[in-house]
1. Quick one: in region 574-608, of everything that is farther than 30 Å from Leu296 by Cβ and open to solvent by 20 Å² or more (accessible area, probe 1.4 Å), which residue is nearest to the chain's Cα centre (by Cα)?
2. Condition first: acidic (Asp, Glu), at pLDDT 95 or above and more than 22 Å from the chain's Cα centre (by Cα). Can you find one or more residues in region 495-516 that meet it?
3. Here are some residues: Arg354, Arg282, Arg286, Arg295. Which one is closer than 30 Å to Leu226 by Cα, touching a Phe, Trp or Tyr at 6+ places or on another chain (Cβ under 9 Å), among the charged types (D, E, K, R) and open to solvent by 20 Å² or more (accessible area, probe 1.4 Å)?
4. If we scan region 463-479, do we find a residue that is polar (S, T, N, Q) and either over 30 Å from Leu342 (Cα atoms) or open to solvent by 80 Å² or more (accessible area, probe 1.4 Å) (or both)?
5. Condition test on Arg433, is it in contact with a strand residue (DSSP E or B) (Cβ under 7 Å, 6 or more places away or on another chain), basic (Lys, Arg) and within 30 Å of Cys330 (Cα to Cα)?
6. Is it fair to say Ile329 is surrounded by 19 or more Cβ atoms within 10 Å (Cβ to Cβ), in contact with a strand residue (DSSP E or B) (Cβ under 9 Å, 6 or more places away or on another chain) and hydrophobic (A, V, I, L, M, F, W, C)?
7. Being open to solvent by 40 Å² or more (accessible area, probe 1.4 Å), at pLDDT below 95 and either within 21 Å of the chain's Cα centre (by Cα) or closer than 14 Å to Pro639 by Cβ (or both) narrows it down to one residue among Glu406, Glu415; which is it?
8. Inside region 643-692, can you point out the residues that are at pLDDT below 95, part of a helix (DSSP H, G or I) and over 12 Å from Arg375 (Cβ atoms)?
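The values are calculated or read from the model by the stated rules, or taken from the named source; none is laboratory data. Keep in mind the model is a prediction, meaning the values are calculated, not measured. As a convention, Cβ positions derive from the backbone with ideal geometry for all residues, glycine included, and neighbour counts pool all protein chains shown. Accessible surface areas use protein heavy atoms only, side chains included; no ligands, DNA or RNA. Shrake-Rupley method; radii C 1.70, N 1.55, O 1.52, S 1.80 Å.
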Amino acid sequence: MMFRGEAKIGAVVDAVAVGHHAPTVAENLQRNQLTVQSRMACAHGRKPIRTWFSLVLLAHLSFADPQLDLPPLPQVSSTQRNPYGGYGLLSSTPSINSPGNQYDVQNRNFQYSTSRPLASSTAGLYPGSSTPFSRINPDISNNGYPSPDYGNGRNPSSTLRPYDVNRDDRIDVNSDPNFRRNDPNFARTDPNYVGASPYDFGGDGIGNSIEDRYQRVNLQQVRDFLAHADEQASKECTNNVAAQWNFETNVNDATQHAALDAQQRYTLFQRGLWEAAKQVPRGAIRDFGTFRQLRLLSIIGAAALPPDQLDRYNRIINDMLAVYNTAEICAYNEPFKCGLRLQPDLQNIMSHSRDWDELQHVWAEWRRNTGRRIRDLYEQLVDLTNQAARLNNFTDASAYWMFPYESFNMRQEIEEVWEQIKPLYELLHAYVRRRLREAFGPERISRSAPIPAHVLGDMWGQSWSGIVPYTLPYPGKNLVDVTPEMIKQGYTPLTIFQLAEEFFVSMNMSAMPPDFWSLSVLEQPVDRHVHCQPSAWDFCNRHDYRIKMCTHPDMKDLITAHHEMAHVEYFLAYRNQPKVFRDGANPGFHEAIGEAVALSVASPRHLQTLGLVQKSIDDTAHDINYLFTQAMDKLAFLPFALVMDRWRWDVFTGDVRKEQYNCHWWRLREQYQGVKPPVLRSELDFDPGSKYHIPANIPYIR
């Protein structure tokens with residue numbers, strides 16, 4: 001099942017070969033250097049896996065063990081981040097939800113629209129305590145978590161410190177001065193903590209030579225430490241995820257502030273645990289599982305920066321995202337019609353307009369109002385990101401980003417995988433270029449040059465689905481759409497997810513636990529605002545898993561529901577692992593599983609099995625159109641995703657100087673994608689910054 005769609009998509013070779021013949025990209029690009037525009041641009045500064053690609057790549061690299069869940073830092077700006085697409089439609093990215101393994105492509109900043117309230121309790125909070133899960137009586141109105149216990153004399157907003165497991169000191173997050181000034185070093189300055197840790201591996205006076213430290217280590221003591229840390233990490237994670245869930249499913253100022261506070265508290269927790277784990281001399285530990293847990297606990301990303309630098313890091317990202325999320329342009333030939341935003345205005349123009357000049361105007365103006373304005377900030381971010389990587393014992397940020405894949409030569413392996421995919425992509429590129437020549441004329445689209453990036457149906461040329469209607473190999477054969485049949489048969493959000501559960505149970509996978517059905521949000525509530533981006537949530541307690549999705553009875557949501565439930569099935573598969581291992585085998589594996597399932601569910605034969613396709617469509621024309629549509633979305637995305645991170649790896653390593661940023665970007669775009677800018681570019685521009693993940697500093701090759 002997993003590879004059915006992947007194998008079928010290879011038949012696009014036949015679709016292209018049967019339909020048209022044109023020179024391949026390899027032949028053309030070998031004969032052609034950069035266009036005149038590109039050469040002029042480079043003179044100014046002279047001297048690259050989306051979800052389906054991750055499936056191919058991960059089949060090659062999936063021998064890694066599960067990785068540590070590294071949460072992002074709390075970020076506050078004057079604007080919210082702008083979400084893109086549903087989960088599985090773009091690459092998955094970290095968000096404020098990440099600490100609980102919630103799979104959600106949204107990445108947003110949360111703004112303070114009012115003064116910050118000092119609440120006496122936090123909805124959905126599960127205080128760090130010894131209450132066994134068996135004694136919890138779920139309260140649906142409180143998201144399945146007990147209300148704080150006011151009878152024990154403890155502040156309901158307090159939290160147990162993880163690194164001092166023999167004490168019951170608790171931090172009042174509303175009044176503790178260290179917490180309120182956001183000092184990640186509070187554990188070292190708190191007089192109640194100094195010298196209290198039973199896991200002080202360097203403080204027994206025996207000596208600090210390597211030999212002495214080796215002799216001092218007791219494997220059982222380390223395992224005890226990891227067991228206590230795992231228990232508390234799970235509870236802290238549950239607290240944090242519950243607060244994020246409250247905000248996502250009931251968007252208001254109070255839940256927003258609570259979510260930010262919970263994220264901040266979780267970050268402080270991780271830093272304290274990091275400092276304790278760093279004291280353990282891992283070289284003396286011969287047990288691989290124990291060694292691996294300590295290794296993963298010793299990596300916390302940007303949280304390792306000193307407080308002032310961490311604050312500067314967050315402010316730079318927030319400032320760049322504020323520019324990105326508020327960017328607007330004026331309409332083509334209508335100077336008084338301004339305020340056009342990326343979603344939905346500009347994306348709609350890029351996918352539906354066939355006016356060459358309008359597309360060129362929108363393409364250039366978006367980059368002028370986004371990337372060009374953040375270039376200086378991004379240069380500062382590069383330095384801070386590299387500094388954080390070095391504090392985590394990596395040579396630079398590219399090594400830190402590649403670490404979770406646990407490959408000694410990841411860049412080489414990615415290139416090898418791309419070389420295997422490249423022949424199919426070249427055929428698709430040649431066919432699409434020919435059809436674009438027919439649409440726009442040979443004077444605009446050369447038969448032997450890269451394709452101008454603004455006519456591919458998308459702001460970034462990452463998905464070519466927008467131009468499918470006039471590039472289909474068999475225009476008279478309509479694509480399969482089972483939405484009318486779903487409506488006719490009375491499908492509801494609940495029945496869609498029940499059907500998805502049957503799909504997984506039929507493969508001998510787990511049924512959804514009871515909490516899933518009682519606590520998930522599967523359709524838009526009528527009484528409150530919900531962030532409707534589809535996402536799957538792991539509450540870190542081995543029994544509570546949920547999906548948040550405003551489901552509609554249509555084909556798109558039918559596929560998405562299966563995709564999201566695939567994440568939950570993966571949650572269930574590794575739920576008995578320690579917290580540090582409760583994540584995908586690597587950052588791309590979760591998405592790969594979801595996309596493999598989605599490809600299988602979307603196949604015409606499976607839809608026919610479900611009774612949603614009433615007549616046989618098992619003919620060559622329908623098959624080729626279906627495979628071509630998949631290729632225009634999945635296959636066309638691969639080189640763009642590769643360029644996104646290949647460019648940043650080169651920047652982080654210092655192979656590309658800041659005076660070459662934009663020129664190197666377009667050099668890679670032409671090398672891998674076979675596309676070029678539609679207008680002259682220079683080093684005054686910063687075209688990578690027009691894509692959200694660059695200012696957000698989020699890895700893309702996942």
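1. Per the stated criteria, the residue is His606.
2. yes
3. Just a single option satisfies the conditions, and that option is Arg282.
4. yes
5. Values: in contact with a strand residue (DSSP E or B) (Cβ under 7 Å, 6 or more places away or on another chain): yes; basic (Lys, Arg): yes; within 30 Å of Cys330 (Cα to Cα): yes.
So Arg433 fits the description; yes.
6. Details: surrounded by 19 or more Cβ atoms within 10 Å (Cβ to Cβ): yes; in contact with a strand residue (DSSP E or B) (Cβ under 9 Å, 6 or more places away or on another chain): yes; hydrophobic (A, V, I, L, M, F, W, C): yes.
Taking the combined requirement at face value, the residue satisfies it.
7. That would be Glu406, the only listed residue that is open to solvent by 40 Å² or more (accessible area, probe 1.4 Å), at pLDDT below 95 and either within 21 Å of the chain's Cα centre (by Cα) or closer than 14 Å to Pro639 by Cβ (or both).
8. None - no residue of region 643-692 is at pLDDT below 95, part of a helix (DSSP H, G or I) and over 12 Å from Arg375 (Cβ atoms), so the list stays empty.
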